[in-house]
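What follows is a short report on a single structure.
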Number of protein chains: 2
Amino acid sequence: MNTFTEENYLKAIYHLSLQSESVSTNQIAAALNTKAASVTDMLKKLADKELINYAKYQGVTLTPSGEKIAISIIRKHRLWEYFLVEKLNFKWDEVHDVAEELEHISSKELIDRLDNFMGNPRYDPHGDPIPDSNGLFKTHELKPVSALTTNEKGIISGVRDHSSAFLQYLERMQLTIGKTIKVAEINDYDHSVILLVEDKKIHISREVANNLLISI
Amino acid sequence: MNTFTEENYLKAIYHLSLQSESVSTNQIAAALNTKAASVTDMLKKLADKELINYAKYQGVTLTPSGEKIAISIIRKHRLWEYFLVEKLNFKWDEVHDVAEELEHISSKELIDRLDNFMGNPRYDPHGDPIPDSNGLFKTHELKPVSALTTNEKGIISGVRDHSSAFLQYLERMQLTIGKTIKVAEINDYDHSVILLVEDKKIHISREVANNLLISI
DNA sequence: TAAAATTTTTAGATTAGTCTAAAATTATTA
DNA sequence: TAATAATTTTAGACTAATCTAAAAATTTTA
Ligand SMILES: [Mn+2]
Ligand SMILES: [Mn+2]
Ligand SMILES: [Mn+2]
Ligand SMILES: [Mn+2]
């Protein structure tokens, strides 16, 4: 139907659209580790297929059919990640690259059966919501730990940085999805935060506080 | 490491090698639904990578490293088929095409974990042996039902034809892997066979008898 | 064993995706 | 608002995989 590459472009545009409405050529090039010239070529092709709205120099948005494809790729990515962690005992920092391959397996029947096999999970191992078979899901609004003030509480529910380095760090600090945290103290000088997690004090930097997401 | 296409060529050469020692350009072209000229181009590339032994006009054989890759693809194919049937409840005639995609997922860690998750099955849903993590497996020698004489018994253990049409036919006739059969009668004229399966008589044509494999 | 048939390879194109370098457009800023 | 900077597109080239048509090699057959 669509090539591997087209799917990756659509997915990248989808993710970038969450930040900035219209998406620029350079943003896409950066996200896909490719060059602006290559992106322009692909944008023409995707526009021909009516998967994106594209006017030269003006940036792009997804059309409804482009968005549908992007969401189906994301559904597959997140369900496979869930499978890898819950059934095959991978760690949450080990699954992304494998899921990048698995997300391109085309069978819808396969992914719907996999979804049922696992009991229709709603969130992937990193707290990201999994679209259902019809592409529906609610983007739960999470805020970073850095948005809390002293004595406020939250439940760790997602991450802004999906890198192995960050995930491994969180794992070591026992800052994993589902844990309840309370802000014990905020350092005025460097904005680092001392959290109370299961009665233990955990000191995290401002950067970590920015990338760790909570619900209330 | 290698492209999908290279992997498909190696796998095709491996399967054809089981029949004919050295494999011809046209055999490969037929197996992969492509043209002889395309095959020649690819053979040069595989030879450059030392995955096949190739001398112009002389046909090809796999090198040890080529064979190792082919077997790893077959391992993945058969394990995924097992997963689809045993865990996701696909029918045995529905899994081949999906496995054709899944077999190219590169992670060895993934496939080894999947293997363990399923309890290290030795045969896929069609009775074909699954290579272990080191690529080892014994090619069990099966013979077709048509090789039996009257009153001989056997256990259905494999198929020579993997087409959906044939598999669905067997399913309808309840001629599935593991069943014990006994030859009740062989028709001299058309070589059709009457089998006794669980005390029921099942009449199959010579063609079916040729494509249904048994162990003793 | 020489002609005919078949198989295989080469030659030359095509398509998808990528690149660098240069040109065109848009945005910034002085 | 005109020059400068940054972004984006175009032009032209490259690689991988494919094709058709023609040439070369091998095999068959008479
Ligand atoms: Mn991921
Ligand atoms: Mn994830
Ligand atoms: Mn198969
Ligand atoms: Mn099989």
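Exactly one residue out of B:Y14, B:Y9, B:Y82 is of a type in the set (F, W, Y), more than 15 Å from ligand 4 (Cβ to nearest atom) and part of a helix (DSSP H, G or I), and it is B:Y9.
Any idea which residue in the range B:91-110 is farthest from B:F4 (Cα to Cα), counting only those that are facing chain A (nearest Cβ under 7 Å) and without any contact (Cβ under 8 Å) to a residue 24 or more places away in the chain? Out of the qualifying residues, it is B:L110. Among strands (runs of 3 or more DSSP E) entirely within the range A:146-197, having at least 3 residues that are touching a helix residue (DSSP H, G or I) at 6+ places or on another chain (Cβ under 7 Å) and without any contact (Cβ under 8 Å) to a residue 24 or more places away in the chain singles out no element at all. Among the basic types (K, R) and within 13 Å of chain B (Cβ to nearest Cβ) - does that describe any residue in the range A:50-66? No; the residues of the range A:50-66 include none that is among the basic types (K, R) and within 13 Å of chain B (Cβ to nearest Cβ).
With respect to A:I130, is the statement that it is in contact (Cβ under 8 Å) with a residue 12 or more places away in the chain, over 22 Å from A:A31 (Cβ atoms) and more than 16 Å from DNA strand C (Cβ to nearest atom) true? Even if it seems obvious, please write down each step before you answer.
Values: in contact (Cβ under 8 Å) with a residue 12 or more places away in the chain: yes; over 22 Å from A:A31 (Cβ atoms): no; more than 16 Å from DNA strand C (Cβ to nearest atom): yes.
No; evaluated as a whole, the condition is false for this residue.
Test A:K76 against the criterion of being more than 8 Å from every other protein chain (Cβ to nearest Cβ) and in a loop (DSSP other than H, G, I, E, B), and give yes or no.
Numbers: more than 8 Å from every other protein chain (Cβ to nearest Cβ): yes; in a loop (DSSP other than H, G, I, E, B): no.
Criteria not met by A:K76.
Filter the range A:46-73 down to the residues that are in a helix (DSSP H, G or I) and over 16 Å from A:S22 (Cα atoms), then identify the one that is nearest to ligand 1 (Cβ to nearest atom). Checking each candidate, the answer is A:I73.
Scanning the range B:19-63 for residues that are touching a residue at least 24 places away in the same chain (Cβ under 8 Å), under 27 Å from B:P129 (Cα atoms) and more than 10 Å from DNA strand C (Cβ to nearest atom) yields a total of 7.
Any residue that is touching a helix residue (DSSP H, G or I) at 6+ places or on another chain (Cβ under 8 Å), modelled with pLDDT of 95 or more, within 15 Å of A:I69 (Cα to Cα) and within 11 Å of chain B (Cβ to nearest Cβ) - is there at least one of those in the range A:118-139? No.
Consider the range A:3-14 and keep the residues that are in contact (Cβ under 8 Å) with a residue 24 or more places away in the chain and more than 14 Å from chain B (Cβ to nearest Cβ). The one that is farthest from ligand 1 (Cβ to nearest atom) is A:E6.
Yes/no per residue for (1) within 15 Å of ligand 3 (Cβ to nearest atom); (2) of a type in the set (D, E, K, R):
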| position | (1), (2) |
| --- | --- |
| B:K49 | no, yes |
| B:N53 | no, no |
| B:Y57 | no, no |
| B:V60 | no, no |
| B:K68 | no, yes |
| B:L79 | yes, no |
| B:Y82 | yes, no |
| B:V85 | yes, no |
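The values are calculated or read from the model by the stated rules, or taken from the named source; none is laboratory data. Here the structure is a predicted model, which is why all the values come from computation and not from measurement. Neighbour counts run over all protein chains shown; Cβ positions are idealised from the backbone, glycine included.
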